[in-house]
Amino acid sequence: MPALACGAIFLAADAWAQAALTSSGRAWPARPIRLIVPFPPGGGTDANARAIAKEVETVLGQPLVVDNRGGANAIIGSDLVAKAAPDGYTLMHISDAFAINPSTHKQLPFDTSRDFTPITNPIVGQGSLLAVNPSVPAKSVTELIALARKQKLTFGSPGVGNVLHLINEAFNLRAGIQMLHVPYKGSGPALVALLGGEVQVMVVPPVIAMPHLKAGRLRPLGYSGAKRLPAIADVPTIGEALPGFKQDTGWHAWFGPAKTPAHIVTLLHSAIRKSLQVPALREYLLAGGYDPTADPPARFQQDFQNDLKRWGELVRLARIAPI
């Protein structure tokens, strides 16, 4: 679609959102908004949530207070949102783990499809880094595979069924190896374990890996995306060693409780879309391997339902037993 036409559509959407706010008679937002991040501080989801929230609060004119509620691969924090009032003052920024949990857990305290209002996917991750502690002698994906066939290696993740867990399991399957999974309460704690040598391997979001790569505390072996990440173009894709291998990291998305008013959803989508146009934020996200996206709510809702099936199939192929 021509850029001029796209701009006209966005302007029309913004005008409609403002009209919806006025006609509702409710001055939203009239106070600070709580943004639950259902992972501990220091991980990729947390870092991206804070960067995006900083710009969104400027657009909305109210603070967005990030509230980290980690545990159980985002289930604890998600449950708080499911049970919150649908007034636009409790929202959630979450990774694709949200679409995986129904396949990796026998029972959830909420219905993933029924108890939430999908708002939009601000970003879509193109891949993550397969990285090792510098004490590991492997200098390439091929050498890591050979090493894993000789000795037992451990890999960390933010929890059973997390996207990063599934990418590493997909790597195990494709490479014909079986590294031992060690789950943590978030990507931040898992990264600390990798840096300390508690585990040898981890699939790490670039956004939190970069400082440690520059300091030599991590060694990147491959990138899981379809093509190399420009910010670290010297790191090959995993697919260069294992032809056909590629795994994106899915979306980071915003949700509200079920029955969040449509005019609030529209205003939030508009605010997020405007925020993603800020050059500094766009550069930060792109360098970390994330494409600024912010699909309209209806389209994201459809993609979300499709991802429930897509990730469920990968869980089945990885033979991850529901807990």
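For the pairs Lys54/Lys274; Lys246/Lys274; Lys83/Lys259; Lys246/Lys309; Lys150/Lys246, note any where the Cα-Cα span goes beyond 20 Å. Before the final figure, lay out the partial values.
Numbers: Lys54/Lys274 12 Å; Lys246/Lys274 31 Å; Lys83/Lys259 11 Å; Lys246/Lys309 18 Å; Lys150/Lys246 25 Å.
The pairs that break the limit, which is 20 Å between Cα atoms, are Lys246/Lys274; Lys150/Lys246.
Peptides 246-253, 62-69, 203-210: what's the order by average Cβ count within 10 Å, highest mean first?
Taking the mean over residues of other Cβ atoms within 10 Å, the ranking is 203-210, 246-253, 62-69.
Rounded to whole Å, give me the distance from the Cα center of segment 144-165 to that of segment 207-222.
One Cα centre to the other: 17 Å.
What is the P(r) of segment 175-323, as percent of Cα-Cα pairs per 5 Å bin from 0?
2, 7, 13, 16, 19, 18, 13, 8, 4, 1, 0
Report the local net charge at Leu91: Lys and Arg +1, Asp and Glu -1, summed over other residues whose C-beta lies under 13 Å from its C-beta.
-1
Explain nothing, just the number: relative contact order of segment 98-237, from Cα pairs under 8 Å at least 6 residues apart, as a whole percent.
Reported relative contact order: 33 percent.
Can you list the HN-Hα couplings for segment 239-247, worked out from phi with the Karplus curve (6.51, -1.76, 1.60; θ = phi - 60°), rounded to whole Hz and with x for Gly and Pro?
Per residue, the Karplus-derived 3J(HN,Hα) values read x, 5, 9, 10, x, x, 7, 7, 9 Hz.
If you stretched the chain out fully between Gln305 and Arg217, how much longer would it get, using 0.36 nm times the residue separation minus the C-alpha to C-alpha distance? Numbers along the way, then the final one.
Details: separation 88, 0.36 × 88 = 31.68 nm, distance 3.87 nm.
Roughly 27.8 nm would be gained on extension.
List the extent of the Cα atoms of segment 112-195 along each of their three principal axes, largest first, rounded to whole Å.
In descending order, the Cα extents are 48, 26, 20 Å.
Of Tyr89, Leu317, Ala51, which is farthest towards the positive pole of the chain's charge dipole, taken about the Cα centre with +1 and -1 on the beta-carbons of Lys, Arg and Asp, Glu respectively?
Leu317
Report the Rg/Rh value for segment 50-185, based on alpha-carbon coordinates and the Kirkwood definition of Rh.
Taking Rg over the Kirkwood Rh, I get 1.05.
With all distinct Cα pairs included, what does the Kirkwood hydrodynamic radius of the chain come out to in Å, to one decimal, could you say?
Values: mean 1/r = 0.0496 Å⁻¹.
When all Cα pairs of the chain are included, the Kirkwood radius is 20.2 Å.
Of Ala27, Leu129, Ala287, whose Cα points farthest to the positive end of the dipole of the chain (charges on the beta-carbon: +1 Lys, Arg; -1 Asp, Glu; origin at the Cα centre)?
Farthest towards the positive pole: Leu129.
FYI, it's all coordinate maths here, none of it is from the lab. Just so it is clear, the structure is predicted and the values come from calculations on it, not from any experiment. No Cβ is skipped: glycine too gets one built from the backbone with ideal geometry, and neighbour counts run over all protein chains shown.
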